[in-house]
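The values are calculated or read from the model by the stated rules, or taken from the named source; none is laboratory data. Computed from a predicted structure; not experimentally measured. Every residue, glycine as well, gets a Cβ built from its backbone with ideal geometry; the counts of neighbours run over all protein chains shown. Surface accessibility is based on the protein's heavy atoms, side chains included, excluding ligands, DNA and RNA. Shrake-Rupley method; radii C 1.70, N 1.55, O 1.52, S 1.80 Å.
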Amino acid sequence: MKDPKKTNEKLDQLESHSTSNDQEMLTTNQGLKINNNQDSLKAGDRGATLLEDFILREKITHFDHERIPERVVHARGSGAHGVFKLTKSLAEYTKAKFLTEVGKETPVFVRFSTVAGNRGSTDLARDVRGFAVKFYTEEGNYDLVANNIPVFFIQDAIKFPDLVHAVKPEPHNEIPQAQSAHDTFWDFISLMPESMHMIMWLMSDRAIPRSFSRMEGFGVHSFKFINEEGKVHFVKFHFKPKLGVHSVAWDEAQRISGVDPDFHKRDLWESIENGMFPEWDFGVQLIPEEDEDKFDFDLLDPTKIVPEEEVPVQLVGTLTLNKNPENFFAETEQIAFHPGHIVPGIDFSNDPLLQGRLFSYTDTQLIRLGGPNFHEIPINRSIKTVHNNQRDGYMRQQIAKGKVSYEPNSIGGGCPFQAMMSEGGFTSHQERVSGTKVRQRSESFVDHYSQAKLFYNSQSEPEKMHLQNALIFELSKVTMPEIRERMVGQLAFIDRALAFKVAENLGVEVKELEFPNQSLPADSNHVDLQSEEREAHTKISGALSMQNTIKDTIKGRKIGFIMANGADAGAINDLKTKLEAENAVVEIIGPSMAPVKTNDGSSLIPKHSLTSTASVCFDALFIAAGEDSTKELLTPLHKHRVLNFINEAYKHCKAIYFGEGTEPLYTNSNVGLKQHEDPAIVTWDDAAGADKFIKAIAEHRVWHLELERNAQN
Ligand code: HDD
């Protein structure tokens, strides 16, 4: 565990805006001390309230105006402060200062989010996760407004409102919340072949992460790096979690949504409070400008990845989240990201999705945060002082001195003056462009299936099965058979076996699709989106399967210790010490919240009871040793609950360790019915039990035994 780094330049700046009520008296917003905050001012103690009561009026008025519009997408979010540390200089490729000086630390604020649900929706929705990073650099704010999926649904920003309208709750009845499993979403998707690659990711378990700290982040678009000499490289940005990429099962996600809908928010908060700071390697894929056309896809197409086998990811820095916000609204809610916040050395590509985003983000803050001065809200302020001639507007904070607010001027000595490039003045990359003004899509954007195939073919068998089941779940909720049919027609271009399996479950047939499938006027310049059968250059990419990510740590894993009176204190302490030495979190689950008396007479205070939590909230279970404890757990009052706990953990392929004397629990549960070797089930007779348990937890799950384990349910 590390010590939280208490200060950096951004946190110091925020501190100057912070207040504490500690030892202070209650006041009005005008600083007047309040003597009675319990009663309004009335004409007699049973009489009407007086309009004169300015204290009541102020309090109620402020309350009435407490809400601001939630984000139109990415409304539900969780954020944290942290630091970005550069470990390898990128000076050869970019002049951005925070990417050139090895060892340099840049303060950051990161906001994770779901996309479709409203602010109060569950963390566990099947959805893309936002991964937005604001770097407070010495050259101004740089925002990397990323997602946990490296591609996007659409190729052109003009389709974004259509996409969002399709996925959001249907307009006539506002159903369903935070779900893509409904008619309008799949209607749109089935008519948009360009979304197929993204759909493969969205239907995979990547869309139901175990935690924010166990998911990747991707800048999606190709951006540009420009070095001191003006040389250009295309760049793709990556964040790779040090804990590996891991997800929960869909069945689990649905259960967690009920038991703890703040599961991801809580995990992030508690990890940071416990000093187990979430960390990511920051990496880049670099492509010299002259190699732009060397791929079998267009680098400007946001529905494509650059396979890591073709361009390796170079790891150049570490992102660490080490401090929770002081105030959710002031920081996490009011932070305003924008892909257009860049610094010298970084520039945009002509990706039409990115180009449209460059308009949207400022525009949305104007309505969400109420005016043009949102950059002055403390969390949005650059650590570099702002100097320009912009003035006034709602809620202006800055007091600009002097009578000059224009440029050029002589009265103010010409200040503030323009910076030369050598002084860090930003200039856009001078790209040569020529063309006819057209409302058209490039033919190089027309291949929609080969990377969808690449993703599907790169998945392990259990991952493929989960993806297939997700499609069956989602499309079974679609009420209109013609949409289901059109969708399996799309899947047939990706994998015929997948399409047939899904179709069989939906009660529809796989028919060949006829294109064009969009209702466009005959004279439209829109290229027919039918993609001829193509194969991607890379056939399988190991980096696309979560199965291949880091499995050598149990840091931050939550282990439930189930126990009742008489549990073996020695065995509990031994295992707890071993797990905590590896930075796992041990939480005691008792039959109730009453202290558990162990066999040495000491008491352990449960954090949960069998009724207040569920096995879906834990990564692994230890059924604490002790015959008396087992007996109590098997009394009619608790038996059903404890067996349900064990059976669910078993079904979800988790590690379970049965201590000495727990055999009756083992045999009464579904684990006792198992007829196969299972490395994640550890029993009392295993001499190296603790080590085996730790290894199994690090593996995350035995997904490959899912069918066998579920056969017993
Ligand atoms: Fe966006 C928010 C990521 C396409 C318009 N977007 C938003 C957030 C993330 C992304 C992480 C939440 C930021 C936060 O936490 O405050 N968006 C993406 C990615 C995209 C993408 C990775 C494609 C590669 N977005 C996209 C398009 C448009 C928008 C094409 C519009 C043309 N996005 C917005 C927005 C939001 C937003 C409406 C809502 C709240 C906000 O901006 O501040 O402007």
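Observations
- Quotient of Cα Rg and 2.2 N^0.38 Å for the stretch 551-712, N being how many residues it contains: 0.94
- Projected-area average for the stretch 141-287 over all orientations - Cα convex hull basis, square nanometres: 11.9 nm²
- Excluding exposed DSSP-loop GluC sites (Glu not before Pro) (at most 10 other C-beta within 10 Å), longest clean stretch of the chain: 230-511
- Theoretical gain in end-to-end length, HIS537 to ASN118 [0.36 nm per residue, Cα-Cα removed]: 146.9 nm
- Directionally averaged projected area (convex hull, Cα atoms, the chain), nm²: 39.6 nm²
- Structure-based [θ]222 nm, the chain - -39500 (n - 2.57) summed over DSSP H runs of at least 4, per residue, nearest 500: -7500 deg cm²/dmol
- Loop-located trypsin sites (Lys or Arg not before Pro) in the stretch 94-126 (DSSP state other than H, G, I, E, B) with a sparse environment of at most 14 neighbouring Cβ atoms within 10 Å: ARG119.
- Stretch gain in nm, segment GLU92-LEU366, where the contour uses 0.36 nm per residue and the Cα spacing is subtracted: 94.9 nm
- The spread of Cα positions in the stretch 544-606, taken along each principal axis and listed from longest to shortest, comes to 50, 22, 12 Å.
- Neighbour-limited loop hits for trypsin sites (Lys or Arg not before Pro), the stretch 234-308 (at most 16 other Cβ within 10 Å; DSSP other than H, G, I, E, B): LYS294
- Accessible area of the chain belonging to carbon and sulfur atoms, whole % at 1.4 Å probe: 51 percent
- Ordering ALA625, GLY217, ALA80 by Cα displacement along the dipole of the chain toward the positive end leaves ALA80 in first place; charges were set at the Cβ atoms of Lys, Arg (+1) and Asp, Glu (-1).
- Counting only Cβ charges, +1 for Lys and Arg and -1 for Asp and Glu, the dipole size of the chain around its Cα centre is about 1400 debye.
- Accessible surface of PHE153 - all protein chains present, 1.4 Å probe, nearest 10 Å²: 20 Å²
- For LYS607, the lysines whose Cα falls under 19 Å of its own Cα, not counting residues fewer than eight places away in the same chain, are LYS265, LYS558, LYS576, LYS597.
- Distance between modelled label sites at LYS104 and ARG266, nm, 7 Å Cα→Cβ extension: 4.1 nm
- For THR479 and PHE328, a Förster radius of 51 Å and the Cβ-Cβ distance give a FRET efficiency of 0.85, rounded to the nearest 0.05.
- Dipole orientation for the stretch 551-712: of the candidates ASN644, GLY601, THR613, THR613 has the Cα lying most toward the positive pole (charges on Cβ; Lys, Arg +1; Asp, Glu -1).
- Once both labels are positioned 7 Å from their Cα atoms along Cα-to-Cβ, the gap between LYS631 and GLU407 label points is 8.3 nm.
- A simple spin-label model places the labels of ALA497 and GLU66 5.6 nm from each other, with each point 7 Å out along Cα-to-Cβ.
- Between the beta carbons of ASP183 and GLU504, assuming R0 = 22 Å, the FRET efficiency works out to 0.55 to the nearest 0.05.
- In the stretch 1-159, the ratio of gyration radius to Kirkwood radius, Rg to Rh, stands at 1.13 when only Cα atoms are counted.
- In range of the label at GLU431: residues from the stretch 187-220 whose backbone nitrogen is under 20 Å from the point 7 Å along Cα→Cβ: 219-220
- Per residue accessible area of the chain, 1.4 Å probe, in Å²: 47 Å²
- For VAL145, nonlocal amide neighbours, meaning residues 5 or more places apart or on other chains whose placed amide H falls under 5 Å from its own, are VAL133.
- A full extension of the chain between THR49 and ALA594 corresponds to an added length of 191.4 nm, given 0.36 nm per residue minus the alpha carbon distance.
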